[in-house]
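To start, the structure itself, in C-alpha cells.
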Amino acid sequence: MPEGRFPTILFRSLRLRCPMCGRGKLFRTWFRMHSHCDVCGIQFEREGGFFLGSIYFNYGLTALIAAIAYPILLFNRIVSNQVAMAGVLAFSLVFPMLFFPLARSLWLGFDQFWDPRDVDPLAAHADTIGERTDVERFGRGG
C-alpha cells in the first residue's frame, strides 16, 4: 500500500468527492448519487446492492452515539428515563438520514482502499451519456 493513500482517500470521502480523482462530486442531491465520476469516469456502483455496505457505517455510528448518550443522560440524571429514551429514539430516526451521504462516501472510499480499481485513461473521457470507447469495450487489440 502506498504511504499516504489512506488519508487521501479518507479526506476525499469526507468531502463527498470521487475516491479515485478527488475532484468529481458524488451526489446530485442529498439522496441521489451520480452514476459515475464526471472527471475520471469510474462507475460508483460496482454491482447491484453495492451500497448496502454503507449501512454498516450508518448504523454503526448511530448505534454507537445512542449507546453512549443514553447512559450519560440517564445516570447523570440530566433528564428522566422517558425523555432520554425519546431523545435517543428521535436521534436514531433522524441522524441516519443526515449521515446518509457521508456513509455512502465512506463506503466508497473504504472499497477503493481495500479493492482499488484503475481507469483506462481513454475510457475515462468518453461522452457522458454512458457510452464508452472501443478500447474499453473491445480491449486494446494487437
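Just so it is clear, none of the values below were taken in a lab; they were calculated from the coordinates. All figures in this text were calculated on a predicted structure; none of them were measured in a lab. In this analysis, Cβ positions are derived from the backbone assuming ideal geometry, glycine residues included, and neighbour counts consider all displayed protein chains.
Computed values, structure above
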read-out: Ascending count of other beta-carbon atoms within 10 Å, so fewest first, for 33, 85; value: 85, 33
read-out: Neighbourhood charge, 14 Å Cβ-Cβ cut-off, centred on residue 53 and excluding it, Lys, Arg +1 and Asp, Glu -1; value: -2
read-out: For residue 44, net neighbour charge (Lys/Arg +1, Asp/Glu -1) across residues whose Cβ lies under 12 Å away; value: +3
read-out: Ranked list, fewest to most other Cβ atoms within 10 Å of each Cβ, for 56, 70; value: 56, 70
read-out: Size of charge dipole - segment 5-128 - debye, nearest 20, with Cβ of Lys, Arg +1 and Asp, Glu -1, no other charges; value: 460
read-out: Residue-count net charge about residue 34 - beta-carbon cut-off 13 Å; Lys, Arg +1, Asp, Glu -1; value: +4
